[in-house]
There are 2 protein chains.
Amino acid sequence: MKIGIVGYGNLGKGVECAVKQNEDTELVAIFTRRNTKDLKVLTEGVPVVNVSEIENWKDKIDVLILCGGSATDLPEQTPKYAKMFNVVDSFDTHARIPEHFANVDKSAKENKHTAIISVGWDPGLFSLNRMYANAILPNGKDYTFWGRGVSQGHSDAIRRIEGVADARQYTVPVEKALNSVRNGETPELSVREKHTRECYVVVKDGADKSRIEHEIVTMPNYFDEYDTTVHFISQEELDKNHKGIPHGGFVIRNGKTGWSNETKHTIEYSLKLESNPEFTSSVLVAFARAVYKLNKEGQHGCKTIFDIAPAYLSSKTPEELRKTML
Amino acid sequence: MKIGIVGYGNLGKGVECAVKQNEDTELVAIFTRRNTKDLKVLTEGVPVVNVSEIENWKDKIDVLILCGGSATDLPEQTPKYAKMFNVVDSFDTHARIPEHFANVDKSAKENKHTAIISVGWDPGLFSLNRMYANAILPNGKDYTFWGRGVSQGHSDAIRRIEGVADARQYTVPVEKALNSVRNGETPELSVREKHTRECYVVVKDGADKSRIEHEIVTMPNYFDEYDTTVHFISQEELDKNHKGIPHGGFVIRNGKTGWSNETKHTIEYSLKLESNPEFTSSVLVAFARAVYKLNKEGQHGCKTIFDIAPAYLSSKTPEELRKTML
């Protein structure tokens with residue numbers, strides 16, 4: 001299976017590493033908007049190509065993995081490249097998924113390509129587990145907790161405050177709430193009761209720390225509804241202890257069965273990830289395998305994680321899966 | 001969707017309850033080998049029919065859910081009824097799955113029916129999570145822990161000891177091992193390190209407790225490789241505190257990503273079930289929905305949980321799923 005990567009940020013690099021781990025995949029080109037001379041990639045011998053030349057690669061790539069951002073890159077790129085290639089993306093703007101799906105579906109169908117959008121862990125594996133749990137326990141309640149992990153959006157929001165040199169924000173699930181859900185207590189939880197926010201902030205020389213702290217904890221939408229703690233640290237400490245991009249979370253469903261709903265069950269799915277982009281990339285590559293198989297079968301158009309039979313993700317045959325995994 | 005149930009034990013009763021919870025399903029008949037007059041069922045007005053008359057119901061049932069045992073019932077029943085109906089079963093003898101699959105596939109294909117076998121949580125949801133986690137993190141290690149829950153097989157084994165009146169055995173995962181796996185330590189674990197066994201035993205008058213305890217803890221295959229504790233209790237206490245059939249467990253994969261496998265991730269799926277049969281029944285009914293949809297599409301033959309796209313389990317449309325669940 002010949003893979004192409006569009007965009008060489010953290011996600012693109014993660015895909016490159018995941019391709020190396022999967023014996024049935026081969027990286028054939030990395031496409032970038034940057035000056036190709038400046039880009040150092042990890043895989044020896046793989047061409048780095050300016051994205052303007054991508055059309056020349058139409059018949060040399062089985063699946064193109066799109067590693068751009070959801071805000072502006074993917075809404076434009078995925079429908080565009082679905083005309084030329086089978087594609088996978090990690091579009092994660094939940095509210096705009098129906099619109100993105102329709103655009104990609106049209107491009108892919110008209111050109112007999114196969115696309116899967118919104119692949120990753122949320123949306124993605126978390127969605128999948130919510131869906132399975134809802135189908136199995138129709139009478140129940142869902143909970144999603146995120147973290148402990150770095151929120152890029154919240155870190156960026158802190159960095160925009162005057163006097164801030166650098167910042168890292170961790171979203172942290174509240175243990176007490178998590179345990180209540182795990183124990184099947186089906187609690188009603190406010191925003192504040194579910195997560196806390198931990199901020200590590202480096203200030204510029206002479207900046208007013210108490211003003212900065214006040215601006216953070218009262219920031220609407222980002223922090224005002226949470227219990228937020230602010231730690232002022234040096235750039236050295238931030239670089240040493242907060243360089244990683246860990247994340248994770250928990251999807252839990254409390255459900256009831258029995259003739260009078262007298263029996264309780266809890267289904268829990270959780271991820272603990274040392275690198276959010278590397279894990280997301282690994283999910284993308286598994287779904288690229290599904291795209292490849294579906295396209296060979298003549299199943300064209302846009303799909304989501306809900307439409308993909310699990311066996312399509314595996315390099316094992318159905319017989320092997322039944323024998324070794326069931 | 002018109003549902004029929006074959007076999008009215010704990011599993012059959014669970015299916016009856018699950019059908020009540022799902023608005024798109026309707027119970028049309030319960031088939032039994034017992035005297036139909038003796039069988040009291042929960043659903044008002046649903047006919048109880050001797051299984052010898054099942055062929056008369058061929059055109060009145062969309063999916064037949066087989067609630068017999070895996071040792072002798074299902075190997076015979078599933079291929080037989082797949083000739084007349086679309087079927088789902090919870091066949092759980094892992095080693096015999098390929099053979100059972102082949103038999104059911106033949107019957108179903110020849111008669112244009114659709115079947116899904118080995119539906120439940122292990123095999124079933126646990127298998128599914130192992131498969132997804134392996135496809136996403138090819139470089140890693142799997143762990144399955146069962147419990148805390150009742151093992152019927154181990155309880156039965158104790159009951160066969162001379163002098164034992166009743167018994168209940170709980171399989172208990174070892175917290176230390178579980179935490180080591182959760183922390184991504186990828187430990188090598190012996191059988192003894194993963195689970196302990198707790199036995200609650202009622203003895204007959206005058207029975208030798210120390211002999212019984214010795215026979216339990218040294219029993220080959222069942223107990224000798226485990227740390228086993230035996231509690232002698234009264235029948236009243238057993239009936240009061242140990243009547244339920246709870247179960248559950250944990251499927252965890254530790255995996256590594258990155259150019260030099262330097263990044264660790266942990267994927268965990270767990271179930272905490274107050275009633276093993278009621279939960280298994282709920283899984284069966286969700287997959288009955290998939291059988292029904294697949295058969296309408298003309299997809300005949302035998303499938304497993306690996307072959308079923310998640311959306312088939314849901315009563316929601318693909319559009320609704322994308323909008324509300326992704």
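How many Å² of accessible surface get buried when A and B come together, counting both sides, probe radius 1.4 Å, rounded to the nearest 100?
6200
Treat the stretch B:244-326 as a sphere of radius equal to its Kirkwood radius over Cα pairs and apply Stokes-Einstein at 25 °C in a medium of 0.890 mPa s; give the translational diffusion coefficient in µm²/s, rounded to a whole number.
Translational diffusion coefficient: 154 µm²/s.
Using R₀ = 41 Å, calculate the FRET efficiency as 1/(1 + (r/R₀)^6) where r is the Cβ-Cβ separation of residue B:297 and residue A:141; round to 0.05.
That pair, residue B:297 with residue A:141, gives E of 0.80.
At 1.4 Å probe size, with no ligands or nucleic acids counted, give the accessible surface of residue B:146 in Å², nearest ten.
Using a 1.4 Å probe on the heavy atoms, I get roughly 90 Å².
Per 10 Å bin, what percent of the C-alpha pairs of chain A does each bin hold, from zero upward?
5, 22, 28, 25, 15, 4, 0
From other protein chains only, count the Cβ atoms within 10 Å of every residue's Cβ in A:246-257, then give the mean.
3
Please work out how much accessible surface residue A:300 shows to a 1.4 Å probe, ignoring ligands, DNA and RNA, in Å² rounded to 10.
60
Heavy atoms only, probe 1.4 Å: what % of the accessible area of the protein assembly as shown goes to carbon and sulfur, would you let me know?
So the carbon and sulfur contribution to the accessible surface is 46 percent.
Can you tell me what percent of all Cα-Cα pairs in the stretch B:180-303 are more than 16 Å apart?
Summing the P(r) tail past 16 Å for the stretch B:180-303 gives 78 percent.
Residue A:303's amide H: which non-local residues (gap 5+, or another chain) put their own amide H closer than 5 Å, with H modeled 1.01 Å from N in plane and none for Pro or chain starts?
A:115, A:116, A:117
Which cross-chain or sequence-distant (5 or more) residues have an amide H under 5 Å from the amide H of residue A:224, H modelled 1.01 Å from N in plane?
Those qualifying (amide H under 5 Å, at least 5 residues apart or on another chain) are A:219.
At 1.4 Å probe radius, can you tell me the per residue accessible area of the protein assembly as shown in Å²?
Per residue, the protein assembly as shown has an accessible area of 42 Å².
How far apart, in nanometres, would the label points at residue A:243 and residue B:214 be if each is projected 7 angstrom from Cα along the Cα-to-Cβ direction?
Rounded to a tenth, the inter-label distance reads 6.3 nm.
At 1.002 mPa s and 20 °C, plugging the Kirkwood radius over alpha-carbon pairs of the stretch A:53-148 into Stokes-Einstein gives what diffusion coefficient in µm²/s?
Calculated translational D: 146 µm²/s.
What Rg and what Dmax come out for the stretch B:9-85 when only alpha-carbon atoms are used, in angstroms?
Rg then Dmax for the stretch B:9-85, in Å: 12.3, 33.
Please report, to two decimal places, log10 I(q)/I(0) for the stretch B:145-203 at q = 0.31 Å⁻¹ as given by the Debye formula with identical point scatterers on the Cα atoms and no solvent.
Rounded to two decimals, the profile gives -1.17.
Compute from the Cα atoms of the stretch A:109-229 the Rg and the Dmax, the latter being the longest Cα-Cα distance, and quote both in angstrom.
Gyration radius and largest Cα-Cα distance of the stretch A:109-229: 19.0, 60 Å.
Enumerate the calculated ³J(HN,Hα) couplings along the stretch A:269-279 in order (Karplus 6.51 cos²θ - 1.76 cosθ + 1.60, θ = phi - 60°), each rounded to whole Hz, writing x wherever the residue is Gly or Pro.
10, 9, 10, 10, 10, 6, 9, 4, x, 5, 5
Please average, across the residues of A:133-144, the number of beta carbons from any other chain that are within 10 Å of each residue's own beta carbon, and give a whole number.
Partner-chain Cβ atoms within 10 Å, mean over residues of A:133-144: 5.
Mind putting together the pair-distance distribution for the protein assembly as shown? All Cα pairs, 10 Å bins, whole percent per bin, short to long.
Bins of 10 Å from zero give 3, 14, 23, 25, 19, 10, 5, 2, 0 percent of pairs.
Evaluate peptide A:121-127: per residue, the Cβ atoms of other protein chains within 10 Å of its Cβ; return the mean as an integer.
Averaged over the peptide's residues, the number is 3.
For the pair residue A:93/residue A:319, report the inter-label distance in nm, with labels modelled 7 Å from Cα in the Cβ direction.
In this crude label model, residue A:93 to residue A:319 measures out at 4.8 nm.
With the cut-off at 27 Å, tell me which of the pairs A:112/B:296; A:141/B:323; B:37/B:296; A:109/B:109; A:316/B:13 have Cα atoms farther apart than that.
Where the Cα-Cα span goes over 27 Å, the pairs concerned are B:37/B:296; A:109/B:109; A:316/B:13.
Let me know the number of lysine pairs in the stretch B:189-289 closer than 21 Å at the Cα, not counting same-chain pairs under 8 apart.
Qualifying lysine pairs in the stretch B:189-289: 6.
Just tell me which aspartates and glutamates come within less than 14 Å, Cα to Cα, of residue A:20; anything on the same chain fewer than 8 places away is out.
Excluding near neighbours in sequence, the set is A:44, A:278, B:262.
The values are calculated or read from the model by the stated rules, or taken from the named source; none is laboratory data. As the structure is a prediction and not an experimental result, all values here were calculated from the model. Every residue, glycine among them, receives a Cβ derived from its backbone with ideal geometry; neighbour counts consider all protein chains shown. Side chains are part of the model used for accessible areas, which takes the heavy atoms of the whole protein and leaves out ligands, DNA and RNA. Shrake-Rupley method; radii C 1.70, N 1.55, O 1.52, S 1.80 Å.
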